[in-house]
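Notes follow once the structure below has been shown.
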Amino acid sequence: MEFPRELLTHLQAAEKVVVFTGAGASAESGIPTFRDALTGLWENFDPMALATPQAFDENPPFVWGWYEWRRALVANCEPNPAHYAIAEMQNYLSSLVVVTQNVDDLHERAGAKDIVRLHGSMHHPYCRDCHLPYTLGPVTQGGGEEVPPPQCPQCQGLVRPGVVWFGESLPSDAWERALEEAAQCDVLLSVGTSSVVYPAADIPRLAKEQGACLVQVNPDETGLEPFLDFSLQGPAGEILPALVEAAYEPA
Ligand code: OAD
(Lines give C-alpha, C1' and ligand atoms only; values in the text may rest on other atoms or scores of the structure.)
Protein backbone atom coordinates (compact mmCIF):
# COMPACT_ATOMS: atom_id res chain seq x y z
CA MET A 1 0.00 0.00 0.00
CA GLU A 2 1.41 3.40 -1.00
CA PHE A 3 0.98 6.53 1.13
CA PRO A 4 1.81 10.14 0.25
CA ARG A 5 5.41 10.93 1.28
CA GLU A 6 4.21 14.14 2.95
CA LEU A 7 1.81 12.21 5.20
CA LEU A 8 4.59 9.86 6.36
CA THR A 9 6.81 12.87 7.06
CA HIS A 10 4.05 14.45 9.17
CA LEU A 11 3.69 11.24 11.19
CA GLN A 12 7.44 10.83 11.65
CA ALA A 13 7.83 14.43 12.84
CA ALA A 14 4.78 14.29 15.13
CA GLU A 15 5.12 14.22 18.90
CA LYS A 16 1.46 14.19 19.77
CA VAL A 17 -1.15 12.26 17.82
CA VAL A 18 -4.85 11.98 18.53
CA VAL A 19 -6.75 9.05 17.05
CA PHE A 20 -10.43 9.90 16.98
CA THR A 21 -12.48 6.74 16.50
CA GLY A 22 -16.04 5.77 15.73
CA ALA A 23 -17.96 2.57 15.15
CA GLY A 24 -16.08 1.82 11.90
CA ALA A 25 -12.93 1.13 13.94
CA SER A 26 -14.70 -1.87 15.49
CA ALA A 27 -16.53 -2.96 12.33
CA GLU A 28 -13.91 -5.52 11.32
CA SER A 29 -14.22 -7.07 14.79
CA GLY A 30 -17.82 -7.92 13.86
CA ILE A 31 -19.53 -5.12 15.79
CA PRO A 32 -22.17 -3.37 13.69
CA THR A 33 -21.83 0.37 13.08
CA PHE A 34 -24.81 2.69 13.55
CA ARG A 35 -25.42 4.21 10.14
CA ASP A 36 -24.03 1.87 7.47
CA ALA A 37 -26.81 0.96 5.04
CA LEU A 38 -28.43 -2.43 5.84
CA THR A 39 -26.05 -3.42 8.65
CA GLY A 40 -26.13 -0.27 10.81
CA LEU A 41 -27.82 -0.56 14.22
CA TRP A 42 -29.90 2.55 13.59
CA GLU A 43 -31.12 1.00 10.31
CA ASN A 44 -32.67 -1.84 12.30
CA PHE A 45 -33.51 -0.31 15.68
CA ASP A 46 -35.17 2.98 16.60
CA PRO A 47 -32.61 5.09 18.50
CA MET A 48 -35.40 7.03 20.22
CA ALA A 49 -36.73 3.77 21.75
CA LEU A 50 -33.29 2.62 22.92
CA ALA A 51 -30.86 5.45 23.37
CA THR A 52 -32.67 8.19 25.28
CA PRO A 53 -33.32 8.68 29.02
CA GLN A 54 -37.07 8.74 28.24
CA ALA A 55 -36.86 5.31 26.57
CA PHE A 56 -35.19 3.89 29.67
CA ASP A 57 -37.79 5.49 31.99
CA GLU A 58 -40.63 4.06 29.89
CA ASN A 59 -39.34 0.54 29.38
CA PRO A 60 -36.22 -0.29 31.46
CA PRO A 61 -36.12 -4.06 30.62
CA PHE A 62 -36.31 -3.38 26.88
CA VAL A 63 -33.42 -0.90 26.97
CA TRP A 64 -31.33 -2.89 29.47
CA GLY A 65 -31.86 -6.09 27.45
CA TRP A 66 -30.65 -4.37 24.28
CA TYR A 67 -27.45 -3.20 25.97
CA GLU A 68 -26.92 -6.67 27.45
CA TRP A 69 -27.27 -8.06 23.93
CA ARG A 70 -24.61 -5.62 22.72
CA ARG A 71 -22.38 -6.43 25.69
CA ALA A 72 -22.65 -10.14 24.83
CA LEU A 73 -21.77 -9.36 21.21
CA VAL A 74 -18.68 -7.40 22.24
CA ALA A 75 -17.63 -10.12 24.71
CA ASN A 76 -17.51 -12.52 21.77
CA CYS A 77 -15.44 -10.19 19.58
CA GLU A 78 -11.72 -9.49 19.53
CA PRO A 79 -9.79 -6.33 18.72
CA ASN A 80 -8.95 -6.15 15.02
CA PRO A 81 -5.75 -5.02 13.27
CA ALA A 82 -6.92 -1.39 13.42
CA HIS A 83 -7.05 -1.46 17.24
CA TYR A 84 -3.63 -3.15 17.39
CA ALA A 85 -2.08 -0.68 14.94
CA ILE A 86 -3.33 2.24 17.04
CA ALA A 87 -1.82 0.71 20.18
CA GLU A 88 1.42 0.03 18.28
CA MET A 89 1.75 3.72 17.40
CA GLN A 90 2.27 4.44 21.12
CA ASN A 91 5.79 3.06 20.74
CA TYR A 92 6.80 5.80 18.31
CA LEU A 93 5.28 8.94 19.82
CA SER A 94 5.66 10.95 22.98
CA SER A 95 1.86 11.09 23.25
CA LEU A 96 -0.90 9.08 21.64
CA VAL A 97 -4.42 9.70 22.86
CA VAL A 98 -7.42 7.74 21.62
CA VAL A 99 -10.52 9.91 21.72
CA THR A 100 -13.34 7.49 21.06
CA GLN A 101 -17.07 7.59 20.55
CA ASN A 102 -17.18 3.81 20.93
CA VAL A 103 -18.61 2.26 24.06
CA ASP A 104 -16.93 -1.14 23.61
CA ASP A 105 -13.61 -2.04 25.27
CA LEU A 106 -11.62 -3.09 22.20
CA HIS A 107 -9.09 -0.24 22.31
CA GLU A 108 -7.99 -1.20 25.82
CA ARG A 109 -8.02 -4.91 25.02
CA ALA A 110 -5.60 -4.12 22.16
CA GLY A 111 -3.30 -2.27 24.57
CA ALA A 112 -4.15 1.42 24.12
CA LYS A 113 -3.19 3.21 27.34
CA ASP A 114 -4.72 6.67 27.12
CA ILE A 115 -8.38 6.56 26.11
CA VAL A 116 -10.84 9.42 26.36
CA ARG A 117 -14.42 8.14 26.18
CA LEU A 118 -16.77 10.77 24.84
CA HIS A 119 -19.85 8.53 24.85
CA GLY A 120 -19.18 6.52 28.02
CA SER A 121 -18.76 2.77 28.25
CA MET A 122 -21.13 -0.18 28.07
CA HIS A 123 -19.04 -1.76 30.81
CA HIS A 124 -19.56 0.97 33.40
CA PRO A 125 -23.23 1.31 34.27
CA TYR A 126 -24.41 3.41 37.19
CA CYS A 127 -27.51 4.12 39.24
CA ARG A 128 -30.03 6.33 37.44
CA ASP A 129 -30.92 8.02 40.75
CA CYS A 130 -27.80 8.32 42.93
CA HIS A 131 -25.20 7.73 40.14
CA LEU A 132 -23.28 5.12 42.16
CA PRO A 133 -21.20 3.00 39.74
CA TYR A 134 -22.41 -0.60 39.45
CA THR A 135 -20.16 -3.61 38.82
CA LEU A 136 -21.57 -5.88 36.14
CA GLY A 137 -21.34 -9.65 36.36
CA PRO A 138 -20.43 -11.82 33.40
CA VAL A 139 -22.74 -11.66 30.40
CA THR A 140 -25.60 -14.08 31.02
CA GLN A 141 -27.76 -13.66 27.94
CA GLY A 142 -27.29 -12.61 24.41
CA GLY A 143 -30.53 -13.28 22.65
CA GLY A 144 -31.90 -9.76 22.71
CA GLU A 145 -34.75 -10.53 25.14
CA GLU A 146 -35.96 -8.02 27.72
CA VAL A 147 -33.96 -8.09 30.96
CA PRO A 148 -34.88 -6.16 34.12
CA PRO A 149 -31.99 -3.86 35.08
CA PRO A 150 -30.26 -4.52 38.41
CA GLN A 151 -31.09 -2.39 41.42
CA CYS A 152 -28.62 -0.05 43.06
CA PRO A 153 -27.26 -1.60 46.28
CA GLN A 154 -27.22 1.85 47.89
CA CYS A 155 -30.59 3.40 47.04
CA GLN A 156 -32.51 0.64 45.18
CA GLY A 157 -32.75 2.88 42.12
CA LEU A 158 -32.50 1.31 38.67
CA VAL A 159 -29.05 0.76 37.21
CA ARG A 160 -28.72 2.26 33.72
CA PRO A 161 -26.15 1.68 30.95
CA GLY A 162 -23.08 3.89 31.32
CA VAL A 163 -23.36 5.34 27.84
CA VAL A 164 -24.30 8.82 26.69
CA TRP A 165 -27.77 8.92 25.19
CA PHE A 166 -29.33 11.34 22.74
CA GLY A 167 -30.24 14.54 24.57
CA GLU A 168 -27.61 14.03 27.28
CA SER A 169 -24.41 16.02 27.78
CA LEU A 170 -21.04 14.43 27.24
CA PRO A 171 -19.03 13.74 30.42
CA SER A 172 -17.39 17.11 31.06
CA ASP A 173 -13.95 15.76 32.04
CA ALA A 174 -13.75 13.67 28.85
CA TRP A 175 -14.95 16.55 26.69
CA GLU A 176 -12.46 19.02 28.18
CA ARG A 177 -9.60 16.58 27.77
CA ALA A 178 -10.61 15.94 24.14
CA LEU A 179 -10.63 19.69 23.42
CA GLU A 180 -7.23 20.09 25.04
CA GLU A 181 -5.69 17.18 23.10
CA ALA A 182 -7.24 18.36 19.83
CA ALA A 183 -5.70 21.79 20.36
CA GLN A 184 -2.24 20.38 21.04
CA CYS A 185 -1.85 17.47 18.63
CA ASP A 186 0.33 17.51 15.53
CA VAL A 187 -1.74 14.94 13.65
CA LEU A 188 -5.35 13.86 14.13
CA LEU A 189 -6.42 10.58 12.56
CA SER A 190 -10.20 10.33 12.25
CA VAL A 191 -10.99 6.63 11.93
CA GLY A 192 -14.32 4.99 11.13
CA THR A 193 -16.72 7.74 12.05
CA SER A 194 -19.44 9.34 9.95
CA SER A 195 -18.71 12.62 11.79
CA VAL A 196 -22.36 13.55 12.09
CA VAL A 197 -22.97 13.30 15.85
CA TYR A 198 -22.16 16.53 17.69
CA PRO A 199 -20.44 17.76 19.70
CA ALA A 200 -18.00 14.83 19.27
CA ALA A 201 -17.76 15.47 15.53
CA ASP A 202 -16.29 18.93 16.25
CA ILE A 203 -13.05 17.41 17.55
CA PRO A 204 -11.30 16.71 14.18
CA ARG A 205 -12.31 20.10 12.78
CA LEU A 206 -11.09 21.91 15.93
CA ALA A 207 -7.76 20.08 15.72
CA LYS A 208 -7.38 21.19 12.11
CA GLU A 209 -8.25 24.81 12.97
CA GLN A 210 -5.53 24.76 15.61
CA GLY A 211 -2.84 23.55 13.27
CA ALA A 212 -3.03 19.75 13.21
CA CYS A 213 -2.67 17.73 10.05
CA LEU A 214 -6.07 16.05 9.58
CA VAL A 215 -6.22 12.54 8.15
CA GLN A 216 -9.31 10.39 7.64
CA VAL A 217 -9.44 6.60 7.37
CA ASN A 218 -12.83 5.46 6.07
CA PRO A 219 -14.09 3.46 3.09
CA ASP A 220 -16.73 6.15 2.46
CA GLU A 221 -16.92 9.91 2.37
CA THR A 222 -18.09 11.76 5.48
CA GLY A 223 -18.90 15.32 6.50
CA LEU A 224 -15.22 15.92 7.14
CA GLU A 225 -13.97 16.03 3.53
CA PRO A 226 -13.66 19.83 3.23
CA PHE A 227 -11.25 19.93 6.18
CA LEU A 228 -9.00 16.98 5.35
CA ASP A 229 -5.32 17.06 4.51
CA PHE A 230 -5.30 13.38 3.59
CA SER A 231 -8.12 10.93 2.91
CA LEU A 232 -7.20 7.25 3.11
CA GLN A 233 -10.15 5.40 1.64
CA GLY A 234 -10.57 1.83 2.80
CA PRO A 235 -11.08 -0.38 5.86
CA ALA A 236 -9.20 0.73 8.97
CA GLY A 237 -8.01 -2.83 9.66
CA GLU A 238 -6.09 -2.79 6.38
CA ILE A 239 -5.00 0.84 6.18
CA LEU A 240 -3.79 1.48 9.73
CA PRO A 241 -1.33 -1.43 10.05
CA ALA A 242 0.12 -0.53 6.64
CA LEU A 243 0.36 3.14 7.61
CA VAL A 244 2.12 2.43 10.90
CA GLU A 245 4.57 0.16 9.13
CA ALA A 246 5.26 2.66 6.34
CA ALA A 247 5.75 5.57 8.78
CA TYR A 248 7.64 3.92 11.61
CA GLU A 249 8.92 0.52 10.53
CA PRO A 250 10.10 0.99 6.94
CA ALA A 251 11.99 -2.01 5.50
P1 OAD B 1 -21.58 5.60 12.29
O2 OAD B 1 -22.30 4.30 12.15
O3 OAD B 1 -22.36 6.85 12.15
O4 OAD B 1 -20.40 5.67 11.21
C5 OAD B 1 -19.53 4.60 11.02
C6 OAD B 1 -18.49 5.01 10.00
O7 OAD B 1 -17.57 3.95 9.89
C8 OAD B 1 -19.04 5.27 8.59
O9 OAD B 1 -18.52 6.50 8.10
C10 OAD B 1 -18.52 4.09 7.77
O11 OAD B 1 -18.23 4.45 6.43
C12 OAD B 1 -17.24 3.77 8.52
N13 OAD B 1 -16.76 2.39 8.38
C14 OAD B 1 -17.47 1.24 8.20
N15 OAD B 1 -16.65 0.18 8.15
C16 OAD B 1 -15.38 0.66 8.34
C17 OAD B 1 -14.09 0.06 8.39
N18 OAD B 1 -13.93 -1.24 8.25
N19 OAD B 1 -13.02 0.87 8.58
C20 OAD B 1 -13.18 2.21 8.72
N21 OAD B 1 -14.38 2.83 8.67
C22 OAD B 1 -15.46 2.07 8.48
O23 OAD B 1 -20.79 5.53 13.68
P24 OAD B 1 -20.18 6.73 14.53
O25 OAD B 1 -19.62 7.79 13.67
O26 OAD B 1 -19.31 6.11 15.57
O27 OAD B 1 -23.66 7.58 19.72
O28 OAD B 1 -21.48 7.27 15.24
C29 OAD B 1 -21.38 8.29 16.17
C30 OAD B 1 -22.35 8.08 17.30
O31 OAD B 1 -23.66 7.85 16.78
C32 OAD B 1 -22.09 6.84 18.12
O33 OAD B 1 -21.12 7.04 19.12
C34 OAD B 1 -23.43 6.57 18.74
C35 OAD B 1 -24.30 6.79 17.54
O36 OAD B 1 -25.61 7.18 17.81
C37 OAD B 1 -24.20 7.26 20.90
O38 OAD B 1 -24.53 6.11 21.17
C39 OAD B 1 -24.33 8.43 21.82
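Numbers at a glance
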item	result
Index of the failed condition, Asn91 passing every other in (1) crowded, with 17+ Cβ neighbours inside 10 Å; (2) at pLDDT 95 or above	(1)
Top-ranked residue in region 112-130 [being over 17 Å from Ser172 (Cα atoms) and among the aliphatic types (A, V, I, L, M); ranked as nearest to the ligand (Cβ to nearest atom)]	Met122
Single match in Asp220, Asp173, Asp229 (criterion: in the same structural domain as Glu88 (by TED's automatic domain parsing) and within 9 Å of the ligand (Cβ to nearest atom))	Asp220
Selection within region 64-83 - in contact with a helix residue (DSSP H, G or I) (Cβ under 7 Å, 6 or more places away or on another chain) and buried (at least 21 other Cβ atoms within 10 Å of the Cβ)	Trp66, Pro79, Asn80, Ala82, His83
Identity of the residue in region 3-39, at pLDDT below 95 and more than 15 Å from the chain's Cα centre (by Cα), that ends up surrounded by the most Cβ atoms within 10 Å (Cβ to Cβ)	Asp36
Members of region 117-137 found to be over 19 Å from Phe166 (Cα atoms) and in contact with a helix residue (DSSP H, G or I) (Cβ under 8 Å, 6 or more places away or on another chain), listed by number	Leu136
Members of region 96-111 that are away from the ligand (no atom under 14 Å from the Cβ), closer than 14 Å to Asn80 by Cα and out of contact with any Phe, Trp or Tyr (no Cβ under 8 Å at 6 or more places or on another chain)	Asp105, Glu108, Arg109
Conditions (1) under 27 Å from Glu249 (Cβ atoms); (2) within 15 Å of the ligand (Cβ to nearest atom); (3) not charged (D, E, K, R): number failed by Met89	(2)
Looking only at region 192-216, and only at residues there that are free of Cβ contacts under 8 Å to residues at least 60 places away in the same chain and assigned to a strand (DSSP E or B), the one that is nearest to Glu180 (Cα to Cα)	Leu214
Residue within region 244-251 that is away from the ligand (no atom under 15 Å from the Cβ), of a type in the set (Phe, Trp, Tyr) and assigned by TED's automatic domain parsing to the domain that holds Val99 present	yes
Qualifying residues in region 104-140 (those that are in contact (Cβ under 8 Å) with a residue 12 or more places away in the chain and among the small types (Gly, Ala, Ser)) - the one surrounded by the most Cβ atoms within 10 Å (Cβ to Cβ)	Ala112
Selected residue [in a loop (DSSP other than H, G, I, E, B), crowded, with 16+ Cβ neighbours inside 10 Å and touching a Pro at 6+ places or on another chain (Cβ under 6 Å)] from Pro241, Pro149	Pro149
Per-region count, region 10-31, residues in contact with a helix residue (DSSP H, G or I) (Cβ under 9 Å, 6 or more places away or on another chain) and near the ligand (Cβ under 8 Å from one of its atoms)	6
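The values are calculated or read from the model by the stated rules, or taken from the named source; none is laboratory data. Here the structure is a predicted model, which is why all the values come from computation and not from measurement. Please note: Cβ atoms are built from the backbone with ideal geometry, for glycine as well, and neighbour counts cover all protein chains shown.
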